[in-house]
Amino acid sequence: MNDIARPAARLVVLLLTLTFSASPVRADELQDIDRLLKQGQHAQALERVNQYLVQKPRDAKGRFIKGLILAEQNKVAEAIEVFTALARDYPELPEPYNNLAVLYATQGQYEKARQQLEMSIRTHPSYATAYENLGDVYTKLASQAYDKALQFDSSNSAAKNKLSLIRDLMSSNRLPRASSAPSTTPVESAQPLPATTAPTKSVAQTTPPAAQAKPAAKKPDKPAGTQEGNKDEVLQTVLAWASTWSRQAVESYLAFYAKDFKTPKGEDRSQWEASRRERIAKPKKIEVAIESPKVTFKGDSTAVVTFRQIYRSDSLKISGGKTLVLVRSDGRWQIQQERAGG
């Protein structure tokens, strides 16, 4: 498959143009760091952003820029760590998921890239960049599948024709034009990223030359839908659910529940949602921690997650066992049942 071009994928780059809620000094510092990044002074930019994050370790914009710097330095593993943590802390933002997908694609991990793009779209259904990148990833996955079919049956004319069509599509597909990320971020975001522009950036351009010349041997990706392949995705969903609850992001929190969610007391869904909105909005602060999660599967589309939940607010502290039953629908995991106890 070396003669097939890698799909075009684009890494979101910050344009620090919006007004910050904090002091002008903070905005100027991030703008200076962003300027160094654009000028290719990556070492200086990384040193400055690290100093900035010592003072503001949870700042989303600073952490985002650090991930971009590491990606530009081809420190892919470190960049993945930064964007993974950012997605965990701010799961309603689509940009970190998109950038994780691009980084996974540079490593040829297209199944992981697909999962991250679907998470990005889940958080922002109108995020055009993620949809386009997802199409590119599906194209690459399709080419790999047809190539595998021909390995087992070289006379399969249907697979040959389809593979030929994909080659024509990918070879004629120039880098897509730059497009904008959503102009607004969820209003409940504790620290929204500014408006962003996503310039074109091909996967091949971000791959280290040595990796392009001789790809390192690696284990094949786990097939989609298998229990092992879904475990990390299920855990990520549960952690994101707890994070939105902790930040009292009610609408994002409710979006984790499936349409056929079985309410704990059998009440109407609208009544249950009204009760949850009131209980989540009332405290001044909430902290929800997940400890010792365990995932078991019932088939390929149902997962049962048991864990110890620690809930703290300004007026209440309680801990105990919790069980969530999640179902996979439209490429994502959603909560169908929720009950106390392991």
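Numbers at a glance
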item: Extreme residue, nearest to Leu46 (Cα to Cα), among residues of segment 75-110 that are among the charged types (D, E, K, R) and open to solvent by less than 20 Å² (accessible area, probe 1.4 Å); result: Glu95
item: Segment 50-74 - residue that is closer than 14 Å to Val102 by Cα and at pLDDT below 90 and, of those, surrounded by the fewest Cβ atoms within 10 Å (Cβ to Cβ); result: Asn74
item: Qualifying residue in segment 222-238 (condition: charged (D, E, K, R) and at pLDDT below 50); result: yes
item: Only one of Leu93, Leu100, Leu86 that is touching a residue at least 60 places away in the same chain (Cβ under 8 Å), more than 17 Å from Leu37 (Cα to Cα) and out of contact with any strand residue (DSSP E or B) (no Cβ under 9 Å at 6 or more places or on another chain); result: Leu93
item: Contacts under 8 angstrom Cβ, first residue in segment 33-60 being without any contact (Cβ under 8 Å) to a residue 24 or more places away in the chain and of a type outside the set (Gly, Ala, Ser), partner assigned to a helix (DSSP H, G or I) and open to solvent by 60 Å² or more (accessible area, probe 1.4 Å), 6 or more apart; result: Leu36/Gln44; Leu36/Arg48
item: Scope segment 232-252; condition aliphatic (A, V, I, L, M) and outside any helix (DSSP H, G or I); matching residues; result: Ala249
item: Residue count, segment 280-322 (criterion: basic (Lys, Arg), under 24 Å from Glu251 (Cβ atoms), open to solvent by 40 Å² or more (accessible area, probe 1.4 Å) and touching a residue at least 12 places away in the same chain (Cβ under 8 Å)); result: 3
item: Members of segment 253-272 that are under 25 Å from Phe83 (Cα atoms), surrounded by fewer than 21 Cβ atoms within 10 Å (Cβ to Cβ) and touching a helix residue (DSSP H, G or I) at 6+ places or on another chain (Cβ under 7 Å); result: Leu254
item: Enumerated strands (runs of 3 or more DSSP E) restricted to segment 275-339, each holding at least 3 residues that are in contact with a Lys or Arg (Cβ under 9 Å, 6 or more places away or on another chain), farther than 13 Å from Asn230 by Cβ and of a type in the set (A, V, I, L, M, F, W, C); result: 286-297, 317-329
item: Matching entry among Gly341, Gly320 (being at pLDDT 90 or above and in contact with a strand residue (DSSP E or B) (Cβ under 8 Å, 6 or more places away or on another chain)); result: Gly320
item: Any hit, segment 152-159, residues being at pLDDT 65 or above, open to solvent by less than 40 Å² (accessible area, probe 1.4 Å) and small (Gly, Ala, Ser); result: no
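The values are calculated or read from the model by the stated rules, or taken from the named source; none is laboratory data. In this text, all values refer to a predicted model and were calculated from it rather than measured experimentally. Counting neighbours? That spans all protein chains shown, and the Cβs are built from the backbone with ideal geometry, glycine included. Areas reflect the complete protein model, heavy atoms only, side chains present, ligands, DNA and RNA absent. Shrake-Rupley method; radii C 1.70, N 1.55, O 1.52, S 1.80 Å.
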